[in-house]
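The values are calculated or read from the model by the stated rules, or taken from the named source; none is laboratory data. Computed from a predicted model, the values in this text were never measured in an experiment. With ideal geometry, Cβ positions are generated from the backbone for all residues, glycine too; neighbour counts draw on all protein chains shown.
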Amino acid sequence: MPNAHRRIFTPDFIVTLRGLIGIHQSIYPQTPPQGIYFEALVGEAFRRIERPVTTIEPGGRNQPRHDLLVENTRISLKTETGDNTKPEQITITKLCTTEREPWEAGVLLRRVMEHLSRYDVVLMFRAVWEPHVIHYQLVEIPVQKLRLIGTVSLEPTGHRRGRQSLGSDVIEQGEKIFRVHFDASDGKCSVRGLGIRHCVLLEAWDVRR
């Protein structure tokens, strides 16, 4: 969905969400909001802005679908707040979980593409830790970039016995933009090394620790 952030992630929404994150941070200074807590803050931000046509519907709990439906836009929410978060490279540790069998490249790619068809936009909240400051980022990850996963040829990776993990670099116009990895141990599909410059940085700010 082109330019979804311009219609959904408006300046008033971003300001409101940043304020709610600030309230959370004032109470839990060492624990950035994750999971259902970040989802709750995003939903509350949408409810507080004065947009009469805004409708908000939460996604199903523990179901492979969008997290929020806002004005017919299906939003997936992600967080990356661990100690190893890098300022310029995004990791999505669980883009989705695939079924364990059959563990075949074509099947796994089809499952990821089916998952990506269930939402229109990804909003990620990130926390980059420095000795005396936390760098916060709100990032829109274009779904069309993630859909390039469907173009790759997966290859075995690692030294695990038995069923092997699979992975591939994802290339756009001759440039590697991230790596996709299917972990044989838990069936998770992850995205590694996605450059911020391939996404939309909606907001960035620092908070002293």
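Here are a few things to note about the model shown:
- Some residue of the range 185-200 being part of a loop (DSSP other than H, G, I, E, B), in contact with an Asp or Glu (Cβ under 9 Å, 6 or more places away or on another chain) and closer than 17 Å to residue 89 by Cα: yes
- Selected residue [under 30 Å from residue 33 (Cα atoms) and under 15 Å from the mean Cα position of the chain (by Cα)] from 80, 99: 80
- So residue 163, is it surrounded by fewer than 16 Cβ atoms within 10 Å (Cβ to Cβ), closer than 28 Å to residue 13 by Cβ and either touching a Ser or Thr at 6+ places or on another chain (Cβ under 8 Å) or in contact (Cβ under 8 Å) with a residue 24 or more places away in the chain (or both): no
- Among the residues of the range 167-184, not a single one is hydroxyl-bearing (Ser, Thr, Tyr), closer than 21 Å to residue 103 by Cα and surrounded by fewer than 12 Cβ atoms within 10 Å (Cβ to Cβ).
- Restricting the range 126-160 to residues that are touching a Cys at 6+ places or on another chain (Cβ under 9 Å), among the β-branched types (Val, Ile, Thr) and touching a residue at least 60 places away in the same chain (Cβ under 8 Å), the residue that is nearest to residue 110 (Cα to Cα): 141
- Considering the conditions (1) at pLDDT 95 or above; (2) touching a His at 6+ places or on another chain (Cβ under 6 Å); (3) crowded, with 20+ Cβ neighbours inside 10 Å, residue 125 is excluded by exactly one of them, (2).
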